[in-house]
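Report on one structure; see the data block that follows.
Only the coordinates and a few stated rules stand behind these numbers; no lab work does. Worth saying up front: this structure is predicted, and the values here are computed from it rather than measured. In this analysis, Cβ positions are derived from the backbone assuming ideal geometry, glycine residues included, and neighbour counts consider all displayed protein chains.
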Amino acid sequence: MTYLEEIAAAEATKSQFGAPWASIDAEAVARMRVQNRFQTGLDIAKYTAAIMREDMSAYDADPSKYTQSLGCWHGFIGQQKMISIKKHFGTTKRSYLYLSGWMVAALRSEFGPLPDQSMHEKTSVPALIEELYTFLRQADQRELGMMFRDLDAARKSGNELEAKRIEVAIDKHETHVVPIIADIDAGFGNAEATYLLAKKMIEAGACALQIENQVSDEKQCGHQDGKVTVPHEDFLAKIRACRYAFMELGVEDGVIVTRTDSLGAGLTKQIAYSKEPGDLGDQYNSFLDCEEVSLDDLTSSDVVIKRDGKLMRPKRLPSNLYQFREGTGQDRCVLDSITSLQAGADLLWIETEKPHIGQIKAMMDRVREVVPNAKLVYNNSPSFNWTLNFRQQVFDAWEEAGKDVSAYDRANLMSVDYDETDLAAEADERIRTFQADSSREAGIFHHLITLPTYHTAALSTDNLAKEYFGDQGMLGYVEGVQRREIRQGIACVRHQNMAGSDIGDDHKEYFAGEAALKAAGEDNTMNQFG
């Protein structure tokens, strides 16, 4: 309904109940309804799933229409991102949020900082989803509340044209609520555990779940060593568990992102079950690093498989893990990706050790031979040294093209001495265009940075501490923070307003009328910021 229709509906309800409801202001009711567009997390999941599906179709038609997100670990961080995006670009279209399991482990666990090994409480993930959407909905309340105040001022001054313009703007208000791609790690247990956690995440508002093919109890960060994958059938069961959770809750178009860590994972915990040569289990086992043996070579604890008519003993480590043959990572990633898509996944995530378009494209070209519309979610990870990687890529390209690179030391290209060179400039340009180039060439639908605000919080805090506790004293805060907030129009400079003080004042007036004790009087120091 439009704003005016909401007022009319509230008036009709008042009339229905008669005199006891006479003190209820129908327009105040309408305002509260408009400010609370989403009643439940499932409302949000259904709304945002439709957005992602629309964006995926748009990308299929035009790869320049890729999507982006930034990782967040607190509702306030997610809220400020979307407020900033609306301020600078006028819309939240194709802008998402990413919920990073790494940051949940490092920043949200009751155990304190933890490595990314699924040791944190799994309930903290749906709790963060709910928190993020609470803050995004509050951003809507705040923005609409300011529009209502402008509407009242226009009416009071008799400016009917301006009042009508604001009413139309209220009806066209774009919500800060956007899709969240939420990290469910390796599912925190078996398929049933995955299903139960997926339900909690969806009920909190998640329209997209990202799950990886590592062993739950051996899970490692995708950019660390020691990763252990599971046979395909184990992983496919968890994909189906997520789909069942979406469908049970009525979010039929929920999005499943399947991540393969096989490029950097050289180990498996178990040998896959195989019924016949060439089936999925046999394909998984074909990558095992084995040695041919005879019955006389076997010990009591040996496990053997049959390959090409030969008895083969997979190499097993003291940890009881089996290792894959070196150089099979890309082949395993391609097989993982194809089987995931064929089992109902919507998007892929291939965790790489460097941001290299050629490497990503080589794997995606093979996947797309089987599934033509395959699309990637790609981690533009802070675990990569982007400066060094791209300078080395330019160095190698120049060298291959016969260009003189004698002025550069490839092993030392991170040096500040190279910052103003032509090589550094070309590398920076490749970094700038990496997302557009890789989306066009390598099928990347969504680009995310997993841990950006972990690093920005540390950097800004370091800068403030250096100035404030040093010679600059209070000027360190005023010049480095507050004055910049004012000059850049950062809404948070009026932190009372951002925290909901004006929303509370509106409610006080609805509830108590002229007797309301409001905070936004002339003595409120926030008035100093206009």
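Hey, among the residues in segment 389-405 that are more than 17 Å from residue 359 (Cα to Cα) and among the aliphatic types (A, V, I, L, M), which one's surrounded by the most Cβ atoms within 10 Å (Cβ to Cβ)?
The qualifying residue surrounded by the most Cβ atoms within 10 Å (Cβ to Cβ) is 405.
Residues that are of a type outside the set (D, E, K, R) and buried (at least 18 other Cβ atoms within 10 Å of the Cβ): which strands (runs of 3 or more DSSP E) entirely in segment 285-355 hold 3 or more of them?
Values: elements: 290-292, 305-307, 310-314, 347-350.
Correct list: 347-350.
Got a sec? Which of 281, 205 is touching a Phe, Trp or Tyr at 6+ places or on another chain (Cβ under 8 Å) and either farther than 17 Å from residue 335 by Cβ or of a type in the set (Phe, Trp, Tyr) (or both)? It would help to see each step written out before you state the result.
Details: 281 fails: either farther than 17 Å from residue 335 by Cβ or of a type in the set (Phe, Trp, Tyr) (or both).
Of 281, 205, the one residue that is touching a Phe, Trp or Tyr at 6+ places or on another chain (Cβ under 8 Å) and either farther than 17 Å from residue 335 by Cβ or of a type in the set (Phe, Trp, Tyr) (or both) is 205.
Of the numbered conditions (1) buried (at least 16 other Cβ atoms within 10 Å of the Cβ); (2) more than 15 Å from residue 139 (Cα to Cα), residue 61 fails exactly one; give the number of that condition.
(1)
Mind listing whichever residues of segment 450-480 are aliphatic (A, V, I, L, M), in contact with a Phe, Trp or Tyr (Cβ under 8 Å, 6 or more places away or on another chain) and surrounded by 14 or more Cβ atoms within 10 Å (Cβ to Cβ)?
Of all residues in segment 450-480, those aliphatic (A, V, I, L, M) come to 451, 457-459, 464-465, 474-475, 478.
Those still in the list that are in contact with a Phe, Trp or Tyr (Cβ under 8 Å, 6 or more places away or on another chain) too: 451, 464, 474.
Within segment 450-480, 451, 464 meet the criteria.
Within the bounds of segment 283-290, is there any residue that is closer than 20 Å to residue 118 by Cβ, of a type in the set (S, T, N, Q) and touching a residue at least 40 places away in the same chain (Cβ under 8 Å)? Break it down into steps so the answer makes sense when it comes.
In the first step, residues of segment 283-290 are kept if they are closer than 20 Å to residue 118 by Cβ; the result is none.
Within segment 283-290, none of the residues are closer than 20 Å to residue 118 by Cβ, of a type in the set (S, T, N, Q) and touching a residue at least 40 places away in the same chain (Cβ under 8 Å).
Would you say residue 43 is out of contact with any Leu (no Cβ under 8 Å at 6 or more places or on another chain), under 30 Å from residue 109 (Cβ atoms) and not in a strand (DSSP E or B)?
Details: out of contact with any Leu (no Cβ under 8 Å at 6 or more places or on another chain): yes; under 30 Å from residue 109 (Cβ atoms): yes; not in a strand (DSSP E or B): yes.
The answer is yes for residue 43.
Find the helices (runs of 4 or more DSSP H) located wholly in segment 381-460 whose residues include 3 or more that are in contact with a Pro (Cβ under 8 Å, 6 or more places away or on another chain) and either without any contact (Cβ under 8 Å) to a residue 24 or more places away in the chain or closer than 30 Å to residue 64 by Cβ (or both), and list them. Steps first, answer last, please.
Values: elements: 386-400, 422-432, 434-442.
Hits in segment 381-460: 386-400, 434-442.
Looking at segment 191-209, can you tell me whether even one residue there is in a strand (DSSP E or B), under 17 Å from residue 46 (Cβ atoms), in contact with a Gly (Cβ under 9 Å, 6 or more places away or on another chain) and not polar (S, T, N, Q)? Please lay out each step first, then the result.
Going residue by residue through segment 191-209, those that are in a strand (DSSP E or B) are 208-209.
So of that shortlist, the ones also under 17 Å from residue 46 (Cβ atoms) come out as 208-209.
With in contact with a Gly (Cβ under 9 Å, 6 or more places away or on another chain) added as a condition, the list becomes 208-209.
Now narrow it down to the ones that are not polar (S, T, N, Q): 208-209.
Taking every residue of segment 191-209 in turn, at least one turns out to be in a strand (DSSP E or B), under 17 Å from residue 46 (Cβ atoms), in contact with a Gly (Cβ under 9 Å, 6 or more places away or on another chain) and not polar (S, T, N, Q).
Do we have any residue at all in segment 103-116 that's in contact (Cβ under 8 Å) with a residue 60 or more places away in the chain, under 20 Å from the mean Cα position of the chain (by Cα) and under 22 Å from residue 40 (Cβ atoms)?
In the first step, residues of segment 103-116 are kept if they are in contact (Cβ under 8 Å) with a residue 60 or more places away in the chain; the result is 103-104, 106-107, 115-116.
Still in the list and also under 20 Å from the mean Cα position of the chain (by Cα): 103-104, 106-107, 115-116.
From the residues that got through so far, the ones that are under 22 Å from residue 40 (Cβ atoms) too are none.
No, segment 103-116 contains no residue that is in contact (Cβ under 8 Å) with a residue 60 or more places away in the chain, under 20 Å from the mean Cα position of the chain (by Cα) and under 22 Å from residue 40 (Cβ atoms).
Which ones in segment 270-284 are surrounded by 18 or more Cβ atoms within 10 Å (Cβ to Cβ) and not in a helix (DSSP H, G or I)?
272, 274
Applying the selection to segment 368-380, what residues are assigned to a loop (DSSP other than H, G, I, E, B) and touching a strand residue (DSSP E or B) at 6+ places or on another chain (Cβ under 7 Å)? Outline the logic, then answer.
First, pick out the residues of segment 368-380 that are assigned to a loop (DSSP other than H, G, I, E, B): 371-375, 380.
If the condition is that a residue be assigned to a loop (DSSP other than H, G, I, E, B) and touching a strand residue (DSSP E or B) at 6+ places or on another chain (Cβ under 7 Å), then 374, 375, 380 are the ones that fit.
Report the residue count in segment 152-176 for those that are surrounded by fewer than 10 Cβ atoms within 10 Å (Cβ to Cβ) and touching a residue at least 24 places away in the same chain (Cβ under 8 Å). Don't jump to the end; show me each part of the working.
The initial filter retains those residues of segment 152-176 that are surrounded by fewer than 10 Cβ atoms within 10 Å (Cβ to Cβ), namely 156, 158, 161, 172.
Going one step further and asking which of them are touching a residue at least 24 places away in the same chain (Cβ under 8 Å), we end up with none.
Residues in segment 152-176 being surrounded by fewer than 10 Cβ atoms within 10 Å (Cβ to Cβ) and touching a residue at least 24 places away in the same chain (Cβ under 8 Å): 0 in total.
Among the numbered criteria (1) surrounded by fewer than 16 Cβ atoms within 10 Å (Cβ to Cβ); (2) of a type in the set (D, E, K, R); (3) within 19 Å of residue 149 (Cβ to Cβ), which one does residue 494 miss?
(1)
Within segment 3-27, can you find the residues that are in a loop (DSSP other than H, G, I, E, B) and either surrounded by fewer than 14 Cβ atoms within 10 Å (Cβ to Cβ) or in contact with a Gly (Cβ under 8 Å, 6 or more places away or on another chain) (or both)?
Kept after step one, since they are in a loop (DSSP other than H, G, I, E, B), are these residues of segment 3-27: 18, 22-25.
Listed by number, the residues that qualify are 18, 22, 23.
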